[in-house]
Amino acid sequence: MPTNPVLESQLTLASTRENERKQWWKPVTSTEKFLSLFATAAVCVVIALAISLAAVLANSTNSPQFIDADVAKEEALISELPSPRSARFHQMKGREIQIDNADNEVCKTPGCTLAAAELLMNVDESVDPCDDFYKFACGNFEKRTTIPDDRSAVTTFSILSDKLLVQLRQILQEKPSDNEPKPFTLVKNLYKSCMNKNLIEERGLEPMKAIIKELGGWPVLEGDSWDESSFVWYESVYQYRKVGYSVDYFIDFSVTTDLKNSTWRVIDLDQPGLGMPGREYLLKGLEDKVVQAYLNYQIGLATLLGADPQRAKEELTDSVEFEIKLANITMPREERRNASKLYNPMTIRELSEMIPQVPWLDYMNKILEPLHVLTEDERIIVDVPNFFKQLVVLLEQTPARTLANYHLWRATAATVSYMPETARSLQLKYSTVLTGTTERRPRWEECTEGASSSLANAMGSLYVRKFFQEDAKAAAVEMVNDIKETFFEILDTIDWMDEETRLRAKKKAETITTHIAYPEELMQNQKLIDLYKGLELSSDEYLDNALNLTRFGTNYAFGKLREPVNKTDWISHGRPAIVNAFYSSIENSIQFPAGILQGAFFGKNRPTYLNYGAIGWVIGHEITHGFDDQGRTFGPDGNLQDWWEPSTKDNYLERAQCMIQQYGNFSFPELNMNVNGKNTQGENIADNGGIKEAYRAYERWSRRQNPDSNGWDIEKSLPGFSKYNTKQLFWIGAANVWCSKSRPESLKLRILTGAHSPAPFRVRGPFANLPEFSNDFNCPLGSPMNPEKKCAVW
C-alpha cells in the first residue's frame with residue numbers, strides 16, 4: 001500500500017514500512033492507488049493509519065504493484081503472412097488497417113452493450129493505433145475527463161475504487177444489528193469518530209499540544225526554555241513507542257520475515273523513511289519549490305501551535321537541512337532492488353562492535369518491551385551497514401536542538417489529520433504544490449478509506465457478505481490455471497535458458513500459491529473476535545483511537561518475533577475490500593482480492609476476451625513478478641537464493657537491460673523527464689509477460705470451449721465495434737485498464753518515486769514488444785507500435 005506522499009501517519013510503524021522498503025510484495029497499483037486516492041495529505045495519513053493494523057496484521061515482509069528468443073525474426077515471419085481471405089479494411093490516415101470481422105457478428109446482450117458503451121467513450125479513432133495505441137484506446141478518456149479539484153488523477157482504478165468506497169460507506173452507516181460482533185462495531189466506531197468533525201474543532205489544538213509535551217516538547221515552541229542537555233535521540237524514540245508514535249524516524253526497526261529462512265522472523269534494521277515522498281525531492285535542496293513548500297508547511301504548523309515565526313523559520317530551516325543530509329546518506333531506491341545487498345546478518349554484539357555509539361541491546365529491548373528480552377547473541381539483519389556508519393556521524397555532528405525539532409516535526413505532522421481545519425489547511429497548501437490538488441476529499445471518503453484500511457479484515461468480511469459476487473471467484477480460478485499453463489508453455493519455448501534453470505523455473509511456477517477473493521476464515525465471526533481481542537475504539541475519540549490502533553498493531557507485529565511464519569495465514573490474505581493485486585516473493589504466492597474482481601477488470605456477462613485482457617493481464621502480471629529482476633532471486637520456497645546457471649543469468653540480465661533502456665527512453669517532453677527504466681524494470685517485465693500470457697491463455701480457453709476453434713472465433717464483437725475483430729477488441733479492452741489523466745505534479749511524483757511506468761507506457765511498451773499485437777492491427781514494421789528492435793524477457 002502506498003505511503004503518504006506528504007506525511008506518514010504516527011501509525012506508520014517500522015514493522016509495516018517494511019512493506020514499502022523491500023518490495024518483495026508486489027501490488028498491482030501501489031502508485032496508481034496513491035495517485036487516484038490521494039487528494040490531500042490528510043487522506044493518506046489515514047491510509048497510513050490503515051497500515052498500523054491492516055498491514056501490521058498482514059505481518060509479512062511483502063511490499064504493497066500491477067498492476068522471444070528472436071523477436072526480429074518472428075516479426076519478419078508474421079509480417080509476411082497473407083491477409084485472411086475474409087478481411088475487410090478500415091481506412092486510417094491513408095493506410096489500411098486489417099480488420100478480420102467480415103461476418104459482422106455482434107453480441108447484443110445487455111452485458112455486451114454495457115461493455116461496449118464504456119469502451120466507446122474512451123476510444124479515439126482519429127489516432128492511428130499503430131502510432132500510439134494508448135491514445136487510440138484512451139484518447140477520449142483524457143479528453144472527456146476533468147480531474148476534480150480534490151484529486152491528483154483520475155484512472156480506471158480510481159473509478160472502481162470510488163464505487164467500492166460508496167459500498168463501504170453504506171455498510172459503515174448501517175445501524176448495528178442485534179448482538180453485532182465486536183469487530184464490526186469497532187470499524188463503525190472508527191468511522192464515526194473520524195466523522196465527528198464538530199468535536200475535533202471544539203477541542204482545537206490542545207490535544208496536540210499535550211502530546212507534544214508528553215513527547216518531550218518541540219524546541220521551536222519551547223524557545224529558550226527547552227533543555228538541550230536533556231535530549232538523547234534514542235531515549236526520545238522510547239517515548240514515542242510508549243505514547244503510540246512511529247519508532248522509525250531515525251532508524252527503521254521492524255520484525256520481518258527472514259529472507260533466507262522465510263519460515264521464521266527476524267529483527268531488521270534499515271534506513272528510515274523521510275518526511276517527503278522520496279529522497280529524490282530532498283536532494284534538490286532548499287531552492288526546489290516543492291522542498292520550499294515542505295519547509296513553509298513546517299513553519300506554518302509550528303507558528304499555528306504558538307512558535308515565534310522568525311524562530312520557526314530559522315530552526316526549521318536547520319531541521320530540513322538535516323533531513324537533506326539524512327537523505328544523502330540513504331541508499332537510492334534503484335540499488336535497493338537487489339535483495340542480496342540488503343541482507344546483512346549479524347548479532348547485536350557484532351553490530352555494537354561495528355557501531356559502538358548506540359546502545360543497541362538496550363535500544364532494541366526498550367522498543368520491544370514488554371514482549372521480548374534480547375541478548376547480544378540475537379541474530380538480526382542490518383540492511384545498509386554503511387548507512388548506519390554515516391548516520392552516527394551525522395547525529396554526532398548535528399545539534400540536539402535540530403534533532404529534536406526534526407523528530408517532533410515528524411510526530412506533529414503525522415497528527416495533522418486528527419487536528420482542526422486550521423492545521424489541515426496548511427497540509428493542503430503543501431499538497432497543492434506536491435500533487436496539484438487544491439481541495440481535500442469529502443470527509444466521508446477520508447473516513448471510509450481510513451476505517452476500511454485500518455481494520456481491513458473486519459471491513460472486508462462485511463463487504464464480502466453484502467456485495468461480492470461469488471461467480472467471479474470461480475472464473476478467476478479458471479483464468480489463473482490457464483495463465484499458469486501458458487507460462488509453462490513459454491518456459492518450454494525459451495531458447496536462452498539452459499535445461500537445469502528451466503526445470504527450477506518450472507518448479508517455482510508450479511508451487512505458486514493462489515489466493516482469490518477472500519479466505520473462508522473471514523466469514524467466521526469468532527476468528528475476527530479473536531484477532532481484535534484487546535482493541536478498544538470509541539465512537540468519538542478519533543485521535544485516541546489512532547493511538548490505540550498503533551499500540552495494538554505494534555504489539556501484534558513485534559509479538560510475532562518468536563513465532564514461525566504461516567505463509568497461508570488467513571489474516572494477511574483477508575483484506576478483500578481493495579482494488580489491487582499482489583505477488584509475494586517470500587510466500588511465492590499471488591493474491592487477487594474481491595475488490596478487483598469487478599468493473600473494468602471482470603464481468604460475468606461480457607465477452608471472455610475482455611476479462612482475459614483485463615483481470616487476465618493482472619493475473620499474468622503477478623505470476624511474472626515471480627520471475628522479474630527481484631522475484632527471480634527467490635526460490636520456490638520463498639527463500640532468497642541464486643538458482644540460475646551463470647550463462648542463463650547473463651542472458652536474462654541482457655534481456656532485462658534491453659527493457660531498462662527501452663523504457664528509459666520513454667519521455668514526457670512537457671516535464672522534461674524520462675521514465676526511470678531501472679527503477680521500473682520489475683513492473684515493466686511483469687507488464688510485458690502478463691499481457692503475452694493473457695493473450696495466449698484466452699486462446700487456450702477458447703479451444704477448450706470448441707476444439708475446432710482457431711482461438712478467437714467463438715465469441716462475437718461488440719455493438720459499435722463491428723469493424724473490429726475479437727483479437728483487436730482484446731487489445732482495446734486491455735489498454736482501457738490503464739486509461740488515466742493526471743496532473744503534471746502527480747505525474748512528476750510518479751516518475752521520480754514510482755516503481756511503475758506512467759499509464760501510457762504500460763500500454764505502448766508491452767504492446768509494441770509483442771508481434772501478436774502488430775499482426776492483429778497490421779502495423780508496418782518500423783511504425784511506433786511495431787519497432788524493429790523489440791525487448792522481451794518472458
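A short reminder: the numbers here are calculations on the coordinates, not readings from a lab. Please read these numbers as outputs of a predicted model, since none were measured by experiment. Cβ: placed from backbone, ideal geometry, glycine included. Neighbour counts: every protein chain shown.
Placing R0 at 35 angstrom, the Cβ-Cβ distance between GLU334 and ASP540 gives a FRET efficiency of 0.15 after rounding to 0.05. With helices as the sole contributors, the chain gives -15500 deg cm²/dmol at 222 nm; each DSSP H run of n ≥ 4 counts as -39500 (n - 2.57), and the sum is divided by every residue. For the chain, the pair-distance distribution built from all alpha carbon pairs, in bins 20 Å wide starting at 0, is 16, 50, 29, 5, 0 percent. Counted by Cβ distance under 11 Å from GLN681, the other residues give a net charge of -2, where Lys and Arg count +1 and Asp and Glu count -1.
Which aspartates and glutamates, on any chain, are close to LYS197 with Cα under 14 Å apart, when same-chain ones fewer than 8 places away are left out? Qualifying aspartates and glutamates at Cα under 14 Å: GLU421, GLU445, GLU446, ASP540, GLU541. Compared with the direct C-alpha span, the chain from LYS389 to ARG703 gains 107.0 nm at full extension, assuming 0.36 nm per residue.
Positive end of the dipole of region 205-418 (Cβ unit charges, origin at the Cα centre): among PRO370, TYR294, VAL237, the Cα lying farthest that way belongs to TYR294.
Taking 0.36 nm per residue of separation and subtracting the current Cα-Cα distance, fully stretching the chain between THR263 and LYS473 would add 72.8 nm. Which residues among region 772-794 fall inside the zone where the amide N is under 15 Å from a point 7 Å beyond the Cα of GLN661, along Cα→Cβ? Inside the label zone: 788-793. Between TYR238 and LYS325, the FRET efficiency estimated from the beta carbon spacing at R0 = 22 angstrom works out to 0.35. Once both labels are positioned 7 Å from their Cα atoms along Cα-to-Cβ, the gap between GLU201 and THR422 label points is 1.3 nm.
In region 205-418, the DSSP beta bridges split such that about 75 percent are antiparallel, to the nearest 5. Here the gap between LYS175 and ASP308, fully extended at 0.36 nm per residue and compared with their Cα-Cα distance, gives a gain of 43.1 nm. DSSP beta bridges confined to the chain are antiparallel in about 75 percent of cases.
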